[in-house]
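See structure below.
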Ligand SMILES: [Zn+2]
């Protein structure tokens, strides 16, 4: 059985689509099915990556504004 520690180490690859072996991917998925702590971790990691630009260009001000808006979406405003 995979350890949480192992999943955390490999979570980046799982989330950003880096090449990992099929066997490893399956092991990670299996762990995620059973471990809600790691599910939450991966979900947060995924959300975080979703806000970040894929390239390494410095963020422009408009892009930063956009990210802040997404992060700070009011739930119960009219
Ligand atoms: Zn776990």
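Just a few scattered comments:
- Estimated FRET transfer efficiency when R0 is 35 angstrom, pair residue 40-residue 64 (beta carbons, to 0.05): 0.85
- The alpha-carbon atoms of the range 4-71 define a convex hull whose volume equals 89 cubic angstrom per residue.
Values in this text are rule-based calculations from the coordinates and carry no lab data. Keep in mind it's a predicted model, so treat the numbers as computed, not measured. All Cβ positions, glycine included, derive from the backbone under ideal geometry; neighbour counts span all protein chains shown.
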